[in-house]
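Colleague: I'd like to ask you about the structure that follows.
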Amino acid sequence: MVTTEREPVGPPASIEQLYQEAYLPLLRLAVLLTGDRSVAEDCVQEAFVSIWRRADGLREPRAAHAYLRTAVVNASRTTHRRRRTVRRHLRALVPDDVRPADDDLLRTERDAILRAAVDALPRRQREVVILRYWQDLPYAEIGAALGISEGSARSNASRALSHLQLSWEA
């Protein structure tokens, strides 16, 4: 499930071109980070609205893809924080075992097991794994997207893989 799409080297000619080039890869990233397509679409749209508002003020147009990726990661984090707050306040009202009606159609059993294992990782490790293995980003770009060093991205990936291997063997 590794994508090999790479972002263009030069700056986009327009916001429309940037949208055409980046929307689907960003949507895949957001779906992996949030686990919900509609929420993921909102995250990506927020990122594009943000860059559209700043289109004239971008210091480095070539960095537009990296800016969007970082904005999607940050929006996904915000979504997780909101979900945690909602779950904390509504835990008594909604049973934990209720699943969406189309859940079985959207995920195979193996995907569900893998997704649960990745979701159980600490936030930073989960983000690094998704950016590295589902988005196929090099560690330098992962570090830039998450605001950490390349070495920190590597060590988080290593720890995450060790944790996933242990949980898979159990």
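Colleague: Restricting attention to the range 142-170, report how many residues are touching a residue at least 24 places away in the same chain (Cβ under 8 Å) and open to solvent by less than 50 Å² (accessible area, probe 1.4 Å).
Modeller: Matching residues across the range 142-170 total 8.
Colleague: Further question on the same structure: Take the conditions modelled with pLDDT of 90 or more and open to solvent by less than 80 Å² (accessible area, probe 1.4 Å) and apply them to P122. Does it pass?
Modeller: Here the answer is yes, as P122 does meet what is asked.
Colleague: Assess whether L164 counts as being at pLDDT below 90 and either of a type in the set (S, T, Y) or out of contact with any Lys or Arg (no Cβ under 7 Å at 6 or more places or on another chain) (or both).
Modeller: In short, yes.
The values are calculated or read from the model by the stated rules, or taken from the named source; none is laboratory data. Given the structure is predicted, the values throughout are model-derived calculations rather than measurements. As a convention, Cβ positions derive from the backbone with ideal geometry for all residues, glycine included, and neighbour counts pool all protein chains shown. In case anyone asks, the SASA skips ligands and DNA or RNA and just uses the protein heavy atoms, side chains included. Shrake-Rupley method; radii C 1.70, N 1.55, O 1.52, S 1.80 Å.
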